[in-house]
Amino acid sequence: LRPGDRLVINDTKVIPARLFGQRRRISDNGETFANVEVTLLSPDGEGRWLTLCKPGRKLAVGETIVFDGGLSAEILDKGPDGVLLGFNLTGDAFDAALEEIGKMPLPPYIAAQRPADEQDNTDYQTMFAERRGAVAAPTASLHFDDALMARLAARGVQVTKVTLHVGAGTFLPVKVDDVSDNKMHSEWGQVSPQAAAEIAATKAEGGRIIPVGTTSLRILETAARDSGRIAPWAGDTDIFIKPGFEFHVTDGLITNFHLPKSTLLMLVSALIGVEQTRAIYDAAIERKYRFFSYGDGSLLLP
């Protein structure tokens, strides 16, 4: 990185979005209970959440899932995207219950090895985490710490914060043969007036804008999509960046390696080219780099 460059980081904070409860069913034989694991995906602002439930097939609309901490949820709907739950608590009461009984939603490749513990409440947050709402960490900035930030500041690299509440859909594989048919998930994000002004000033002075993570990149390019230049913006974005995309703000990217057949790999390919992406992955595999959230990090410059 060079003096005058500006890193753009995502200040979203992961909520303890994994809940363990019991499905209550009332029948002629009385009440029966079954264990259910619930992962929150996205809220609708009215106390309802789209969720993943395991096991989901045996759940029926109208049934209740009871959790500890006075929290319960009615099953409102089931569909291909998940199970819609209506919780009995909202706002601060819901947040407090989550903090008491929720577990961090670790990626499957970690969760399969061990359950989430108290240390994960710290480890699975970036040092920039401030605004609650993500159900997955913006993992590229897990690599940053105070010592690195001090070195960047000494070099004259500046930092701007934006927000994109990462949803579990970020990591879903693409299941269509023609990527133009892929339905992109939606996530809430914001570029504040201050952030937009800082980024515009850096661009005007010839500095490079380098998002830390695909989430930061997606909200920046969303905010610039209409006018071709950065502007304040807030709302839900379902921007899908694939080869052929015209970047208006981004000059580079700090990111993890991403799985094949993912929208994230398509985003990287759009920025640096498909052949370059293949070459980087070949080198990483040959050298046995550690992949995934706590492993690699890379600076990609087109």
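The table for this structure:
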read-out: Protection proxy ranking of 144-150, 249-255 - average other beta-carbon atoms within 10 Å, highest first; value: 249-255, 144-150
read-out: Which of PHE240, PHE94 is most accessible, then next, and so on - probe 1.4 Å; value: PHE240, PHE94
read-out: Degrees between helix 146-155 axis and first principal axis of the chain (Cα, 0 to 90, nearest 10); value: 20
read-out: Fluctuation leader among VAL61, VAL135, VAL268 - the chain, Gaussian network, Cα springs under 10 angstrom; value: VAL61
read-out: C-alpha long axis of helix 214-223 to longest principal axis of the chain, angle in °; value: 80
read-out: Karplus 3J(HN,Hα) series, Hz, for the range 292-299 with 6.51 cos²θ - 1.76 cosθ + 1.60 (x for Gly, Pro); value: 6, 4, 9, x, 7, x, 9, 9
read-out: Percentage relative contact order, the range 199-302, counting C-alpha pairs under 8 Å, at least six apart; value: 28
read-out: Choice from ILE65, ILE280, ILE210 showing the highest fluctuation, given a GNM over the chain with Cα pairs closer than 10 Å; value: ILE280
read-out: Inverse mean reciprocal Cα-Cα distance (Kirkwood Rh) of the range 1-115, Å; value: 15.7
read-out: Spatial extent of the chain: Rg and Dmax, with the Cα atoms as the point set, Å; value: 20.6, 74
read-out: Relative contact order computed over the range 42-165 (Cα-Cα under 8 Å; 6+ residues apart), in percent; value: 16
read-out: Rounded accessible area of TYR109 (nearest 10 Å², 1.4 Å probe); value: 80
read-out: Accessible heavy-atom area order of MET104, MET266, highest first, probe of 1.4 Å; value: MET266, MET104
read-out: Portion, in percent, of the accessible area of the range 178-302 that falls on carbon or sulfur, probe 1.4 Å; value: 51
read-out: Accessible surface, per residue, of the chain when the full set of protein chains is kept, probe 1.4 Å, Å²; value: 51
read-out: Rounded tilt (10° steps) of 274-286 against the dominant C-alpha axis of the chain; value: 70
read-out: Gaussian network model of the chain, Cα within-10 Å springs - most flexible of GLN113, GLN276, GLN22; value: GLN113
read-out: Local electrostatic count at GLY252 - Lys and Arg +1, Asp and Glu -1, tallied over other residues with Cβ under 12 Å; value: +1
read-out: For the chain, calculated [θ]222 nm from helices alone, where every DSSP H run of n ≥ 4 adds -39500 (n - 2.57); value: -7000 deg cm²/dmol
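The values are calculated or read from the model by the stated rules, or taken from the named source; none is laboratory data. Since this is a predicted model, take the numbers as computed values, not measurements. Because the Cβ atoms are built from the backbone with ideal geometry, glycine has one as well, and the counts that use them run over all protein chains shown. Note: areas computed on protein heavy atoms with side chains; ligands, DNA, RNA excluded. Shrake-Rupley method; radii C 1.70, N 1.55, O 1.52, S 1.80 Å.
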